[in-house]
Structure formats: structure tokens, C-alpha cells
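Report on the structure given below.
The values are calculated or read from the model by the stated rules, or taken from the named source; none is laboratory data. In this text, all values refer to a predicted model and were calculated from it rather than measured experimentally. All Cβ positions, glycine included, derive from the backbone under ideal geometry; neighbour counts span all protein chains shown. Just so you know, the surface numbers come from the protein's heavy atoms only, side chains and all, with ligands and any DNA or RNA stripped out. Shrake-Rupley method; radii C 1.70, N 1.55, O 1.52, S 1.80 Å.
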Amino acid sequence: MPDTFALKTPLAAVAPPRPERKPLTRLPLLLAILAALTALRLIGLRLSIVDLFYDEAQYWSWAQNLAFGYYSKPPLLAWIIFGAERVCGSAEWCVRAASPVFYFGTSLAVYAIGRAAYDERVGFWAALMTALTTGAAFSSRIISTDVPLLFCWAVALYGFVKLLEAPRWRHAILLGVAAGLGLLAKYAMVFFVPGVVIAAVVSPRARALLRGPHLWVALLIAAVVVSPNIAWNVSTGFITFKHTGSLVTGEETRWSALRALEFLAAQFGVFGPVIFAVMIVVTVRLLRGRLGEMDRVMIGFCLVPIAVITAFAFTAKAHANWAAVAFVSGVVVAAATLVRERARGWIAASLVIGVVAQAGLLIGDTIADRVAVPGLRNPNPYARTLGWRDFAEKAAATARAAGARAIVSDSRGELGALLYYLRDTGIPVLSWRTEEIPSFDLGSPYTAQTPGPVLLVTVCPDPRRIAAHVERVEPLGLVATGQGTGGPRGFRAFRLNGPRDPLGPLANCPGL
């Protein structure tokens, strides 16, 4: 099959003619649908009773001390939360409010990609399928690094497609800034570079683009944008890179084809079953040489993240969202395929699945403590995200009863929850520095100069690992928390006096 978009003359010699564009006839309807969906999601966040998960609380704590980097993530998400707090405060719904707003922007960027690469019909349906995919329905309710990452990836891909159409400096700058900000959101943005390489393999125009200055200037701009975070990492011994690497290398290597298949199966939930199934069909057509140029470019940007993470899953556990960046070009090529083949029923099915998922989550979030799904180890699927407020409030009550002047934690997750939920109580929350809590992360440290007594909140019941560091340890027993929320948990409380100098790191808990 001949390349529909192939050039007979190199791009550097003669720019391709600017394709005719239809009027933006579908854009007003799309904007109305996306605005209504975003408003509904914001209302859902306002009515939700789901506590901040400890990852979200940790991101909030970072936003209280703006920097160019943090222990486990680049800084963009903390900056976003900082901005959201300036607008609507620090309640749970406001900390998460940026998510549906970013999905509004991501959907519009996908519309722009589809319209530039194909036509407005493709852009319209791709945008709706983005807004109403199962992954977006879930992710728009939480604050995570994937949310700004997908937006930046979509904007960068739009810039790349426009450069293929006709190299212009404004699109090179857009691509560079979006790629740099994407790296400040999550380092998975680096998958964009091999995407460009594959595009050059499968597309004559992408190969010609490599011979001009626009793409290289875009990459230089991206490097400049991310450079403050690189400098910060240099100053901290590349702590974020080490942490990210430990997620990959820290797992025990154990070959398992089943685990790789589980990761691929999970993508049907992340991408949506219709979208991911069409992506598989398009990939098979690519291998058989039956795709037009833009289809090849779009699927090319999907292949590397999915292939790399699937290969990793053969040896260790891979989280379902690790290849999320593949979704953007995947949904565009899926929409283009379905529109071209007049498969309206499959488009409708994808949207209906998304609507059902969105409705279920909106309702579930308002009754999260009463949800029960038979057959699960914990019948409440919200268990991990419930009980954190009660955990912090019980810790505060225990500290007051013990006459403690501060609360100390040895866990990054629990420390984030304590910092967030005790933010207005006046009780200092300190961290006992461990390998997972470096000196510059998550608030103030517990030191030999900290006035006592303090309350140590930990999951470890063994007081012996504490005794070498303080003069007096008084066990206060197990405090149960989260009862009646569907997310029961608890902590061991110890009243500590007289921290020794120097105060060493805590050993691992025996038996845990």
C-alpha cells in the first residue's frame, strides 16, 4: 500500500503544501461536553469522602516547601498543588482539583493531534474517547504525576505532528517546552525520544525532519527547561534518579511470562478495552506493512513504552500505569481506525464503558466507607484510601494524652498523612530519618536537640530498636484506627524522652 502522506521531494528542499482544513464545526460541541464533564468531576471531588492516599498527602507536603526536585519525583506536581491551594485552599478536593482540569486540557490537545494528523472527525472522537476512557475516569479523581505528564506528552506530540506538516519555529518551541515540562512531571517523558526515532524509521517526513534544525532546537529547549531539576539532582547525589532506578532494579529478578501477560491485560483497563484492542489490531497491521504514514507514526509512539515495560514485567512487577504515555497516540490511531472503517458501534461502546465507569466512581466516592465487593480479600476496594484522617486524629489524641510535644514517624507514607491531616492542629510532625526519608524530604527531622517527650508512631512493635537511641522508651500499646471506614489500620505508640547525640537511623523492624 503506497504511503498516503509520502513526499517525493525532501522536506528540507520543498515544504509540503499546507493541507486544507475544514472549519472547526465540532469544536463548540466538544468544548461544551468537556466543560460539563470537568464540572461534574469537580463536584464529585467536592462530595467525595475518600481520604488523601499517602502518596497524595506526600505530594501536598512537598508543595509546602517548593523546590526543583523531591526525593521520589520531579517537582511539577508539587508546583501544581501549590497553585491549586492558592485558588481554593487545602481540602482534599482542592488538592485533587487540578486532575480534571488537566484532563480537560489533555482531551483538547488530543483533538488538536487528531485534527492535524487526520481530520476533525478523528480529533473529535479521539478527544471524547480520551475524556471518557476508564483510565481518565479513575485518574481524574486523584492527584498523581501521570496527570500533568499526559497533558505535556499530548502537547508535545501535537507540536511534533505540526512539524511534520510544515516546520515552523512556534511548533518547535511548543514541542520543546512541553517535553521539558513533561520531564519535570515524570521521567517517563523520556520515552518521547525513542518515539521520534521510530517515527523517523517509518515516516519519510520524520526522517526529513531530522535533517533540519527545528527538532534539534526543540530538544535543546527541553533540556534547558529540565536543567534546574538536573542541577538539583546533582546537588543531592542524584537521589531522585536513584529512587526511580530502585523501582526497576530493587525487585527480585524472577522470570515470569504470566506477569508480563498480567501487565498487558491491565492495559485494557488503563486504556479502555476498545482502545487497547484496536491498538493491537493496528500494531499487527504495522507488522504486515498495511498502514499509512500517520498511522505508523502514531503507533510508533506507543510501541516503546509498552514494549519496554512488558519486557521488564517478565523479570519483576510492573505497575499498570507505567506505560500510560502510550495512550495519547494510541487513542488517536484507534479513533482514526474506527472512523475510517465506520465502526460507530465500537466508538459508542468505548464511550458507554467510560460513562458507566465514571458514574460508578462518582457514586462510589460518596459512599466509599459502605462499598463492598464480594470475592475480594478486603471487600471494600477503597480500603487503601480510607482511614487516613482517623489515623492522624488518633495519633494527635494519643500525643496529647501522653503529654508529647511532637509526633515522630519512621514511614514516608504515614508521615505524609500526619503532615496533611494535622496541618492545622499546631502539633509538630517530625521524621525519624531513615534511608527512605532523606534529610531534605518531608518536613523537619527528629534530632538530639528536639525537646521531649515525643510520641513515636510506627508499625513496629519491638521497642529494642528504639532503646539505643533514646534514654527512655515507654510503650503505649497498639492504637486501632479506621474502624468503620472500610480501611482499618493501626499504629504502635511509644513515648520517648532524651534523644541521644548523634541520633542514628532506626534499624529495620524484626519480622517485617
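Axis angle, to the nearest 10 degrees, between helix 169-185 and the longest C-alpha principal axis of the chain: 30 degrees.
For segment 31-129, compute the orientation-averaged projected area of the C-alpha convex hull (one quarter of its surface), in nm². Intermediate values should be presented prior to the final figure.
Details: hull surface 30.3 nm².
Dividing the Cα hull surface by four gives the mean projection, 7.6 nm².
Among ARG290, ARG207, the order of accessible area from largest down is ARG290, ARG207, computed with a 1.4 Å probe on protein heavy atoms.
Taking the chain as the region of interest, the number of lysine pairs whose Cα atoms are within less than 25 Å, with members eight or more places apart or on different chains, is 9. For segment 80-146, the alpha carbon convex hull comes to 82 Å³ per residue, rounded to a whole number.
Between beta-carbons, use under 11 Å as the cut-off and find the net charge around LEU42, counting Lys and Arg +1, Asp and Glu -1.
Working: positive: ARG41, ARG46, ARG96, ARG141; negative: none.
That works out to +4.
Here the relative contact order of the chain, from alpha carbon pairs under 8 Å that lie six or more residues apart, stands at 17 percent. For segment 297-456, taking Cα atoms only, Rg and Dmax work out to 23.4, 72 Å respectively.
Oblate is the label for segment 90-197, because a/c, from the alpha-carbon gyration tensor with a ≥ b ≥ c as root eigenvalues, is 1.5 or above and a/b does not exceed b/c. Roughly speaking, to the nearest percent, how much of segment 371-470's 1.4 Å accessible area is carbon and sulfur? Its accessible area is 54 percent carbon and sulfur atoms.
Of all beta bridges that DSSP places with both ends in the chain, some 65 percent have antiparallel geometry. Between ARG344 and LEU210, the modelled label-to-label distance comes to 4.3 nm, taking each label 7 Å out from Cα in the direction of the beta carbon.
The distance from the alpha carbon centre of segment 34-59 to that of segment 453-512 is 33 Å, rounded to a whole number.
Normalising the average separation of contacting C-alpha pairs (under 8 angstrom, six or more residues apart) by the number of residues puts the relative contact order of segment 338-394 at 17 percent. Modelled spin-label separation between ASP462 and VAL234, with each label point placed 7 Å from Cα along the Cα-to-Cβ direction: 4.2 nm. The residues neighbouring ILE142, those whose beta-carbon lies less than 12 Å from its own, together hold a net charge of -2 under the Lys/Arg +1, Asp/Glu -1 convention.
Compute the accessible area per residue over the chain, keeping the other protein chains in place, probe 1.4 Å, unit Å². Each step should come with its number before you reach the end.
Details: 22170 Å² over 512 residues.
Using a 1.4 Å probe on heavy atoms only, each residue of the chain averages 43 Å².
For VAL355 and THR425, the difference between the fully extended length at 0.36 nm per residue and the C-alpha to C-alpha distance is 21.2 nm. Summing charges over all other residues whose Cβ lies under 15 Å from the Cβ of PRO379, with Lys and Arg as +1 and Asp and Glu as -1, gives +2. Among the protein heavy atoms, those of LYS186 account for about 40 Å² of accessible surface (1.4 Å probe, every chain in place).
If packing is taken as the average number of other Cβ atoms within 10 Å across a peptide's residues, how do 139-150, 324-335, 464-475 rank, most packed first?
Working: 139-150: 24.2, 324-335: 29.8, 464-475: 14.7.
Taking the mean over residues of other Cβ atoms within 10 Å, the ranking is 324-335, 139-150, 464-475.
For the chain, the longest principal axis of the C-alpha atoms and the axis of helix 257-271 are separated by about 70°. Classified by the C-alpha gyration tensor, segment 247-384 has an oblate form. Its axis ratio a/c, with a ≥ b ≥ c, is 1.5 or above, and a/b does not exceed b/c. Computed in the context of the full set of protein chains, the accessible area of segment 297-352 at 1.4 Å probe radius has 67% of its extent on carbon or sulfur. Accessible surface for TRP388 stands near 20 Å², nearest 10, in the context of the full protein assembly shown (1.4 Å probe).
By the Cβ rule of 4.7 Å, the chain holds the following cysteines without a possible disulfide partner: CYS152, CYS302. With all protein chains in place and ligands, DNA and RNA left out, the 1.4 Å accessible area ranks LYS242, LYS394, LYS317 as LYS242, LYS317, LYS394, largest first.
Taken over the chain, the alpha-carbon convex hull comes to 156 cubic angstrom per residue. Could you let me know the centre-to-centre spacing of segment 300-349 and segment 65-107, using Cα atoms, in angstrom? Value for the Cα centre distance between the two parts: 26 Å. Just the protein heavy atoms count here, and of the accessible area of segment 74-229 at 1.4 Å, carbon and sulfur take up 76 percent. Centroid-to-centroid, using Cα positions, segment 272-291 and segment 183-243 are 27 Å apart.
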